[in-house]
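The values are calculated or read from the model by the stated rules, or taken from the named source; none is laboratory data. In this text the structure is predicted, and so the values were computed from the model without any measurement. Because the Cβ atoms are built from the backbone with ideal geometry, glycine has one as well, and the counts that use them run over all protein chains shown.
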């Protein structure tokens, strides 16, 4: 059922008129809704065995409509049938004059099953890299969304490298455009590093990349799902190892109620959290079925054990614990011939914090200094993977990073911390962990409008459309520093000038 439902636009739900709406009917309907099928035909069969009674048919239809009210079907056509005698299959039935709708085949031949979802920006998972000789390198795959033209700017994810489309080939023919569903070969203007499993996307509208997700999962194995076990996950053209970290709830097949569950059995549907061994380029299944759908495979038997739909990304994981150091700070600093510092960059997303931290790191490294960068995005892939973006999680995020930065300063390093760190109280907490003069707060003062204009990761556009909640500067506050050691006007000066100013302060 799930395999068939994953590739179609319309489903026919068959009901025995003698038995009415059964558990299996409800289960199949929920799978259909889960797979994103918008059009349903309710075929009530064996009407001859109930005397072609309109009352029986009406009762079944009323029962089903009540059950399916929250499943989100765009259309629901109900048809009474008798497969034995062909009533209402090909031609209207004289035995059911009370029914004036189309026959089953009339309806299937005329129904419009085109999706009402927006087309979306260009997306294409790379299935194969074709390089028959040194003069040709083509990226082959099926376009999952959008339209592609020669000259379009595209980005390779997850690496983020940007280039332009040189040519688009359908078979051996060069074409001016290709649409969703077309199997194409794309050549690029630059020699970029991309392989099977990477995704080519529109440069100005990239999807998200993550390794922690909430997803809806249909369990298809007789062996129960237990959180913590590793499975092979096939997502678009990429294969990774995946672990179900938690079952949030199981859906009651009859009522849709959310039930607590520690295990998941055959044919059960649940909402789960899962973690993958490598980042995935994804969009929610409701937006893009190719980048939102996946299957789970048993790594030993290669049995397909589950089919899932990604709903959104998480940042969840276990804490990392550091071992205490025995040699004191002064000894380590003397060995490195430097004064350890914590240089804390704060500012809005896109303000230039990471750019300035990287440039400063290069300058200090060239001078023989011992440095390390703690970047917000990088740390959320490890130590702080289990934290989200609520206010409470942001507070914990900064607490952990501040503790790590303190340990690095204790080791004699100059540590550069690049975090939005939106709340003044948490920045004050971080400062309190260090001795006088060790903590340098650097406010990268870039206006919201300029950050939104840059929008390197496409986050501002999503937040302004209401697709991204708890976004700093929009629906989550940013408390600007009042007395930072350094204030850099990154929108008015070049990065090199800003770093020169910062180095003067440090010296």
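What to note about this one:
- Among the candidates 173, 198, 193, residue that is outside the structural domain of residue 308 (by TED's automatic domain parsing) and free of Cβ contacts under 8 Å to residues at least 24 places away in the same chain: 173
- Selection of the range 340-379 for residues being touching a residue at least 40 places away in the same chain (Cβ under 8 Å) and assigned to a loop (DSSP other than H, G, I, E, B) yields 340, 347, 348, 349, 350, 351, 352, 369, 370.
- Selected residue [modelled with pLDDT of 95 or more, closer than 29 Å to residue 298 by Cβ, surrounded by 15 or more Cβ atoms within 10 Å (Cβ to Cβ) and under 24 Å from the mean Cα position of the chain (by Cα)] from 158, 125, 207: 125
- Within the range 351-376, the set of residues being surrounded by 23 or more Cβ atoms within 10 Å (Cβ to Cβ) and at positive phi comprises just one member, 352.
- Selection from the range 310-349 of residues that are modelled with pLDDT under 85 and closer than 30 Å to residue 291 by Cα: 314, 315, 316, 317, 318, 319
- Verdict on residue 489 being more than 19 Å from residue 422 (Cα to Cα) and surrounded by 13 or more Cβ atoms within 10 Å (Cβ to Cβ): no
- Subset of the range 2-28 (residues that are over 14 Å from residue 74 (Cβ atoms), outside any loop (DSSP other than H, G, I, E, B) and under 27 Å from the mean Cα position of the chain (by Cα)): 2, 3, 4, 5, 27, 28
- Scanning the range 139-177 for residues being in contact with a strand residue (DSSP E or B) (Cβ under 9 Å, 6 or more places away or on another chain) and under 24 Å from residue 209 (Cβ atoms) gives a total of 23.
- Hey, residue 10 under 29 Å from residue 95 (Cα atoms) and touching a strand residue (DSSP E or B) at 6+ places or on another chain (Cβ under 8 Å) or not: yes
- Matching entry among 124, 96 (being farther than 14 Å from residue 199 by Cα and in contact with a strand residue (DSSP E or B) (Cβ under 7 Å, 6 or more places away or on another chain)): 96
- Scanning the range 485-507 for residues that are under 21 Å from residue 341 (Cβ atoms), part of a loop (DSSP other than H, G, I, E, B) and free of Cβ contacts under 8 Å to residues at least 40 places away in the same chain gives a single hit, 507.
- Taken together, the residues in the range 99-117 that are more than 27 Å from residue 35 (Cα to Cα) and surrounded by 12 or more Cβ atoms within 10 Å (Cβ to Cβ) amount to 2.
- For the range 239-270, a tally of residues being under 15 Å from residue 220 (Cβ atoms), part of a loop (DSSP other than H, G, I, E, B) and either within 22 Å of the chain's Cα centre (by Cα) or in contact (Cβ under 8 Å) with a residue 60 or more places away in the chain (or both) returns 2.
- Residue 306 vs. criteria at pLDDT 90 or above, within 13 Å of the chain's Cα centre (by Cα) and either within 20 Å of residue 4 (Cβ to Cβ) or assigned by TED's automatic domain parsing to the domain that holds residue 467 (or both): no
- Hey, residue 23 surrounded by 14 or more Cβ atoms within 10 Å (Cβ to Cβ), outside the structural domain of residue 293 (by TED's automatic domain parsing), over 25 Å from residue 294 (Cβ atoms) and in contact (Cβ under 8 Å) with a residue 12 or more places away in the chain or not: no
- Which listed residue is modelled with pLDDT under 85 and closer than 28 Å to residue 503 by Cα, from 445, 455, 475: 455
- In the range 54-94, residue farthest from residue 16 (Cα to Cα) [restricted to those that are in contact with a helix residue (DSSP H, G or I) (Cβ under 8 Å, 6 or more places away or on another chain) and exposed (fewer than 15 other Cβ atoms within 10 Å of the Cβ)]: 72
- Candidates are the residues of the range 468-484 that are more than 26 Å from residue 159 (Cα to Cα), free of Cβ contacts under 8 Å to residues at least 40 places away in the same chain and under 25 Å from the mean Cα position of the chain (by Cα); the one that is surrounded by the fewest Cβ atoms within 10 Å (Cβ to Cβ) is 475.
- Matching residues, the range 424-448, being under 15 Å from residue 349 (Cβ atoms) and buried (at least 18 other Cβ atoms within 10 Å of the Cβ): 443, 444, 445, 446
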